[in-house]
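Encoded as structure tokens, the structure appears first; notes follow it.
The values are calculated or read from the model by the stated rules, or taken from the named source; none is laboratory data. Since the model is a prediction, treat every value here as computed from it, not as a measurement. FYI the Cβ positions are ideal-geometry reconstructions off the backbone, even for glycines, and counts take in every protein chain you see. The area values use the complete protein model at the heavy-atom level, side chains included, leaving out ligands, DNA and RNA. Shrake-Rupley method; radii C 1.70, N 1.55, O 1.52, S 1.80 Å.
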Amino acid sequence: MRLLAVGMCAAALVGVLAAPARAEAGGSSGLAAAGGLDTRSESGSGTGSGSGLGWALKGTGTDARFRGLAAVSRSTAWLSGSQGKVLRTVDGGRTWGDVSPPGAAGLELRDIEAFDARRAVALSIGEGEDSRVWRTEDGGAHWTEAFRNPDPRAFYDCLTFFDPAHGLAVSDPVDGKFRILSTADGGRSWRVLPNAGMPDALPGEAGFAASGQCLVSAGASDVWLATGGGASARVLHSADRGVTWSAADSTLPAGDPAKGVFGLAFRDRGHGLAVGGDYRTGEASPKAGAVSADAGRSWRPAGAPPPAYRSGVAWIPYTGAAALAVGPTGTDVTLDAGRTWRPLGTGSFDTVDCTPDLSCWAAGEKGRAARLEPGGRE
């Protein structure tokens, strides 16, 4: 019965996304009736007006820029970002608690992965000791610094977890190859993996710490790494938790330090989405989306890509083909697994994440955080 209810909810979601301008009788969508997204907007940005789905802002009380987002459920989400900030909500964004790690002030916490309302792992970026990993088991009341990068040549960008025990983090190339950090105890301890199975990096190639999505995983052992800055914007894939890798050219813009793949999402080990472009304001980003159906071995351009640079992307669970992409100039939605995208909103966001209970969250500059709801207006 639970699977049936989830399937009904997913179908309702796709229906609302497919017809965002259609008025819903009584101001409530079939999605809400199926027990999915909350129709209420605590911020007043959306009113459940029946005008389709959109982002409803959830005031955070800070002006930090949140590029790290870990959505757990419709009620629980974690944000990480500038000023060393980590925020957590357990009431759907009505209130946010400042649960920032002590000693992180001034650092850029660009990625966070959460397993539930109590357990999370956060990554700060930067050269040398600015790259650190923190871990909490009590909702951010206490943090343990689990890793501090001792190598001034390394610059860690993103992290991902296969399960609550096994995870990886990635650094920009050191000695001509991307560096992979591994944990097998939930982030309590970390070790650098041998680089013999890592292809050589291209000149100028690096990862973008723009959305916490330059390193993503699916299943028990598959992981993908997004790159930019080189002659080709590539996606690297490992099927053995980061020991050996293969590289494939994407179709996204490349050939400049500001261009490349900025965000990845895989709904399973086969089907992936890539977004990116040129992050510079006002610069065109044609071909800003690509799709893969073979675990990232090959990529083809979206027939109708997002119209501008996008930094974050997320599949909507159980829909099979629906996903969201976000960036500073707006949000786009696909209902055909990334082949075509259309605008959903114009609000600025850097990252997006969706949960098994069909809640989608986004975060970005000036303390912006939002949840996708009927009547949302961002």
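A few notes on this one:
- Residue, farthest from ASP353 (Cα to Cα), within region 86-97, restricted to residues that are touching a Leu at 6+ places or on another chain (Cβ under 7 Å) and open to solvent by 20 Å² or more (accessible area, probe 1.4 Å): GLY97
- Some residue of region 257-274 being open to solvent by less than 10 Å² (accessible area, probe 1.4 Å) and of a type in the set (D, E, K, R): no
- Residue match in region 36-59 (condition: out of contact with any strand residue (DSSP E or B) (no Cβ under 6 Å at 6 or more places or on another chain) and modelled with pLDDT of 95 or more): yes
- Selected residue (only one of ASP116, ASP138 is acidic (Asp, Glu), under 21 Å from GLN213 (Cβ atoms), modelled with pLDDT of 95 or more and out of contact with any strand residue (DSSP E or B) (no Cβ under 6 Å at 6 or more places or on another chain)): ASP116
- Residue within region 309-324 that is in a loop (DSSP other than H, G, I, E, B) and in contact with a Lys or Arg (Cβ under 7 Å, 6 or more places away or on another chain) present: no
- Residues being hydrophobic (A, V, I, L, M, F, W, C), within 13 Å of GLU108 (Cβ to Cβ) and open to solvent by 30 Å² or more (accessible area, probe 1.4 Å) - total across region 122-170: 1
- Qualifying residue in region 337-351 (condition: within 24 Å of ALA206 (Cα to Cα), out of contact with any Gly (no Cβ under 7 Å at 6 or more places or on another chain) and surrounded by fewer than 24 Cβ atoms within 10 Å (Cβ to Cβ)): no
So that you can scan it fast, the table gives a plain yes or no per residue for (1) over 22 Å from the mean Cα position of the chain (by Cα); (2) of a type in the set (Asp, Glu):
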| residue | (1), (2) |
| --- | --- |
| PHE162 | no, no |
| ALA169 | no, no |
| ASP172 | no, yes |
| THR183 | no, no |
| GLY186 | no, no |
| TRP190 | yes, no |
| GLY204 | yes, no |
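- Flag for GLU373 being open to solvent by 10 Å² or more (accessible area, probe 1.4 Å) and either more than 23 Å from ARG74 (Cα to Cα) or of a type in the set (D, E, K, R) (or both): no
- LEU324 open to solvent by less than 20 Å² (accessible area, probe 1.4 Å), touching a residue at least 40 places away in the same chain (Cβ under 8 Å) and not small (Gly, Ala, Ser): yes
- Criterion applied to ALA295, ALA290 was being open to solvent by less than 20 Å² (accessible area, probe 1.4 Å), in a loop (DSSP other than H, G, I, E, B) and among the hydrophobic types (A, V, I, L, M, F, W, C), and the one residue passing it is ALA295.
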